[in-house]
1. Restricted to segment B:86-105, and to residues that are open to solvent by 10 Å² or more (accessible area, probe 1.4 Å) and more than 12 Å from chain A (Cβ to nearest Cβ), which residue is farthest from the chain's Cα centre (by Cα)?
2. Residues to consider are B:145, B:130, B:109; find the one that is away from chain A (no Cβ under 14 Å), out of contact with any helix residue (DSSP H, G or I) (no Cβ under 6 Å at 6 or more places or on another chain) and free of Cβ contacts under 8 Å to residues at least 60 places away in the same chain.
3. Need pairs with beta-carbon distance below 6 Å; first residue within 16 Å of residue A:301 (Cα to Cα) and open to solvent by 10 Å² or more (accessible area, probe 1.4 Å) and within segment A:92-117, second in a strand (DSSP E or B) and among the small types (Gly, Ala, Ser); sequence gap 6+ or separate chains.
4. Taking the residues in segment B:276-300 that are among the β-branched types (Val, Ile, Thr) and not in a helix (DSSP H, G or I) as candidates, determine which candidate is least open to solvent (accessible area, probe 1.4 Å).
5. Taking segment B:210-242 as the region of interest, how many residues are open to solvent by less than 10 Å² (accessible area, probe 1.4 Å), away from chain A (no Cβ under 12 Å) and under 20 Å from residue A:48 (Cα atoms)?
6. With the structure loaded, tell me whether residue B:396 is at pLDDT 95 or above and among the hydrophobic types (A, V, I, L, M, F, W, C) or whether it fails that test.
7. So which of B:245, B:306, B:264 ends up being surrounded by 20 or more Cβ atoms within 10 Å (Cβ to Cβ), touching a Pro at 6+ places or on another chain (Cβ under 9 Å) and either touching a residue at least 12 places away in the same chain (Cβ under 8 Å) or within 14 Å of another protein chain (Cβ to nearest Cβ) (or both)?
8. For residues in segment A:71-104 being in a strand (DSSP E or B) and away from every other protein chain (no Cβ under 14 Å), which is nearest to residue A:287 (Cα to Cα)?
Amino acid sequence: MKWETVIGLEIHAQLATKSKIFSGASTGYGAEPNTQACAIDLGMPGVLPVLNQEVVRMAAMFGLAIGAEIARRSVFARKNYFYPDLPKGYQISQYELPIVQKGQTIIDLEDGSSKVVGITRAHLEEDAGKSLHEDFQGFSGIDLNRAGTPLLEIVSEPDLRSAKEAVAYMKKLHQLVVYLGICDGNMQEGSFRCDANVSVRPKGDPKFGTRAEIKNLNSFRFVERAIEFEIERQIDLIESGGKVVQETRLYDPDKGETRSMRGKEEANDYRYFPDPDLLPLVLDEAFINAARTELPELPDTKKQRFMEQYELSGYDASVLTVSRDLAGYYEATVAALGGEAKLCANWVMGDFSAFLNKDNRDIADSPVDSVRLAGLLRRIEDRTISGKIAKEVFEAMWAGEGDADAIIEKRSLRQITDTSAIEQVIDDVMAGNPDQLAQYRAGKDKLFGFFVGQVMKLSKGKANPQQVNELLMEKLKG
Amino acid sequence: MHDKTIAQISAGLAAGEFSSEELTRALLERVEQFNPQLNAFITITAESALAQARAADRRRQQGEAVPLTGIPIAHKDIFCTDGVRTSCGSRMLDRFIAPYNATVVEKLNAAGTVMLGKTNMDEFAMGSSNETSFYGPVRNPWDLNAVPGGSSGGSAAAVAARLTPGATGTDTGGSIRQPAALCGITGLKPTYGRVSRWGMIAYASSLDQGGPMARTAEDCALLLGAMAGFDPRDSTCVDRAVPDYVAALNQPLAGLKIGLPKEYFGEGLDGQVAQAVEAAIAEYRKLGAEPVEISLPNSQLAIPAYYVVAPAECSSNLARFDGVRYGHRCENPKDLLDLYTRSRGEGFGAEVTRRILVGTFALSAGYYDAYYLKAQQIRRLISDDFRRAFEQVDVIMGPTSPTAAFNLGEKADDPITMYLSDIYTIAVNLAGLPGLSLPVGFAGQRPAGLQLIGNYFAEDRLLSVAHRYQQVTDWHERAPVGF
């Protein structure tokens with residue numbers, strides 16, 4: 001039988017606020033346990049939550065960026081359950097009336113086509129603390145630093161049909177929230193993670209199969225592997241006569257498999273009801289318009305513009321707009337050089353990105369700024385140096401030896417374009433290789449490359465390659 | 001000295017007739033003397049009270065005193081007090097010391113009041129007789145066999161017995177007004193949002209409101225002026241200027257339209273209480289007010305709606321008391337579930353447990369619409385009743401409680417009968433309106449209270465209506481024999 005996979009993702013994006021969603025405590029990562037939890041985060045008696053307005057602005061920006069409806073009135077609700085890292089015995093979330101409703105995004109698929117993925121809703125909520133089961137013999141430790149950290153939970157429609165589509169969607173949203181500046185996107189620290197709802201059904205069946213929810217996937221690779229494993233598990237199960245049960249599963253990256261959490265979770269009735277400590281969140285047009293004016297150029301728009309304005313391929317434009325910083329760096333380089341968009345694209349995507357990766361640096365602390373890179377490219381363009389020499393100059397610039405001109409001067413890398421000088425080198429090479437010359441002249445054309453190599457070597461790479469070709473061709477004829 | 005009202009003490013301090021320290025010492029002596037009988041205080045803070053009194057006297061010498069500087073008061077043990085135990089009348093918090101002050105405490109401290117101690121109360125403010133307290137019942141100074149009412153029973157008894165001239169209370173379904181009525185004092189539940197709930201341990205968040213309890217309306221006006229006001233730490237607190245309640249006390253009564261809801265004078269109302277209330281209304285007529293009969297047709301729905309909404313909210317609010325971070329923890333828990341069930345089972349008393357169970361049930365899947373949602377709809381109907389009434393009248397009047405104080409143990413085993421003692425007060429909380437109770441006579445030896453209900457933020461009106469009555473009557477001056 002042919003099977004079809006149905007996947008929906010619930011993405012948790014930690015909003016990049018300084019303080020928590022309902023208290024003034026810091027959201028900083030990695031502090032000593034329980035040093036960033038105030039009385040409110042600890043759920044002390046008599047304390048009350050006050051909504052951080054910054055999270056509302058961020059959620060509105062996200063909603064506008066996915067073409068969603070921004071609810072003029074949304075409601076915070078309490079999700080009640082007992083757990084030691086949930087200090088109040090309830091999580092403040094949004095239930096019936098979320099702030100963002102009905103949006104969508106477009107993902108690019110590997111075969112070059114694209115697909116619209118519906119986003120059912122996005123709602124604001126607080127994170128819980130962490131239970132630490134290691135290091136405490138016979139006990140569990142509780143760290144409440146994370147309690148009250150603001151999250152935007154983004155729920156997709158069950159529109160995704162493969163693990164690859166799920167990853168493409170997750171990457172798309174990751175790019176978007178980072179573009180918007182509302183999430184740092186740091187997946188190792190858990191700032192961007194997801195739960196995947198996965199089910200399978202016979203192809204063509206309009207009914208959904210029973211789904212399993214895989215919790216807390218915090219890397220693109222894990223999302224892909226976990227979903228792929230889960231699809232296979234469900235198909236195997238059904239084909240061998242079994243039934244998928246609705247349950248929560250955990251992905252074990254070491255074993256590459258998902259495992260049931262059954263037994264840990266009882267049938268939960270969260271007893272949602274509107275939080276009486278918080279008034280309904282009412283937004284007016286002025287607020288929403290203000291959020292709209294703060295929207296940066298979004299990735300899709302930027303990519304389209306790059307293709308038109310700089311006449312780049314779709315691939316180049318995608319790579320260059322992967323982040324706002326990279327796109328900004330590229331545009332600044334083109335502006336400083338005054339054109340040569342393709343040359344700039346090659347260098348920004350090539351050596352520049354490679355060096356950033358190698359040193360694990362951000363663009364903000366790159367040793368070569370866009371003006372310096374343009375200075376180097378200018379020397380390629382005016383033929384002062386060749387592309388090959390430029391790589392050496394770039395490396396020197398990266399090492400902090402100054403700008404391109406200074407390095408070219410100091411290392412005497414200026415390209416030789418003086419015809420008589422190049423002819424002199426050619427004469428020396430011909431004189432030094434009489435056998436090869438004779439063979440060439442006897443018809444062994446392949447040796448031309450040998451002579452080019454020798455000339456470049458003798459000129460230390462500085463001879464203009466095009467001139468070398470032309471002059472050699474003439475001289476070798478005799 | 002102990003028989004003086006706050007206004008009289010304020011004048012005496014200003015005139016240098018006595019110091020706050022002298023007064024505080026005298027009152028602490030009375031607390032020492034009478035508390036064993038009354039059990040009105042859970043915690044007595046003699047040492048810090050004297051320090052506060054001396055600081056108040058210094059402040060006065062420096063010419064920086066305000067009307068409440070040096071006035072001794074007591075706080076209901078539901079308000080968190082930095083460094084002093086806040087038990088909420090529960091074993092769960094028997095050893096809990098908050099590292100912060102409630103906004104109400106902070107504001108009254110800033111005004112220069114002196115805290116004598118923390119008063120007894122029904123556990124987590126759930127009760128109408130003060131018999132659910134972990135620290136034992138409070139006795140009514142008018143009759144030691146009678147309850148003081150609840151849940152702010154300790155505050156009411158302490159004021160009535162002249163152990164303190166004023167106290168704070170909280171009112172979720174009548175917990176300031178009913179004990180005020182049963183102890184013969186004056187108590188005001190402000191409009192929801194008038195007084196900050198920060199640091200006030202939550203019972204039912206959408207209904208809870210702190211307010212003053214004292215002998216006279218004038219004293220309540222003085223206290224409310226210091227307690228009220230916007231607090232950015234409470235999202236439900238209303239940002240609205242606080243009027244000068246004392247200056248507004250002398251508004252004329254002539255032409256005042258008084259609404260008498262016929263539903264408040266029917267079956268279940270004690271005859272002597274009815275007589276006292278009717279006599280008070282007659283007095284108001286003499287003073288120029290115009291009583292008219294009105295109807296609040298959904299009154300009979302108030303108690304059922306309240307006993308869904310309040311338990312629902314409390315079931316969630318009290319989830320934090322889980323034995324993990326603070327509060328009572330059972331001995332040697334064998335696993336997490338055991339830690340939860342035994343800590344909570346041992347920490348909470350029967351009434352609190354009952355309300356948590358009722359509330360958990362009411363919010364459960366499949367019951368939510370039938371109970372919680374329905375109760376919220378009833379709340380709107382009740383608010384609409386009041387809205388229509390206030391289109392015709394300025395103030396609504398009726399009995400605060402259907403009976404005078406009942407005997408200790410009389411209703412303790414019958415929750416439904418106990419719940420009915422708040423039948424006239426609960427609707428006011430569901431609508432979020434201000435309500436005030438003042439003493440207007442006796443049923444036998446036990447006081448009877450008149451309830452005034454005002455429109456939103458009409459505390460000034462309620463206080464002045466009560467004050468004018470107190471200027472021509474002396475019920476508020478009567479002291480229980482032996483105190």
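1. My answer is B:95.
2. B:109
3. A:104/A:118; A:106/A:114; A:108/A:114
4. That would be B:294.
5. Total satisfying the criteria: 4.
6. yes
7. Just a single option satisfies the conditions, and that option is B:264.
8. Applying the first criterion (in a strand (DSSP E or B)) to segment A:71-104 yields A:73-74, A:76-80, A:90-94, A:100-104.
Checking which are away from every other protein chain (no Cβ under 14 Å) leaves us with A:73-74, A:94, A:100-104.
Working: A:73: 13, A:74: 14, A:94: 20, A:100: 14, A:101: 17, A:102: 19, A:103: 19, A:104: 22 Å.
Checked segment A:71-104; the qualifying residue nearest to residue A:287 (Cα to Cα) is A:73.
The values are calculated or read from the model by the stated rules, or taken from the named source; none is laboratory data. None of these values were measured; they are calculated from a predicted model. Virtual Cβ from ideal backbone geometry, glycine too; neighbours counted across all protein chains shown. SASA here: full protein model, heavy atoms, side chains in, ligands and nucleic acids out. Shrake-Rupley method; radii C 1.70, N 1.55, O 1.52, S 1.80 Å.
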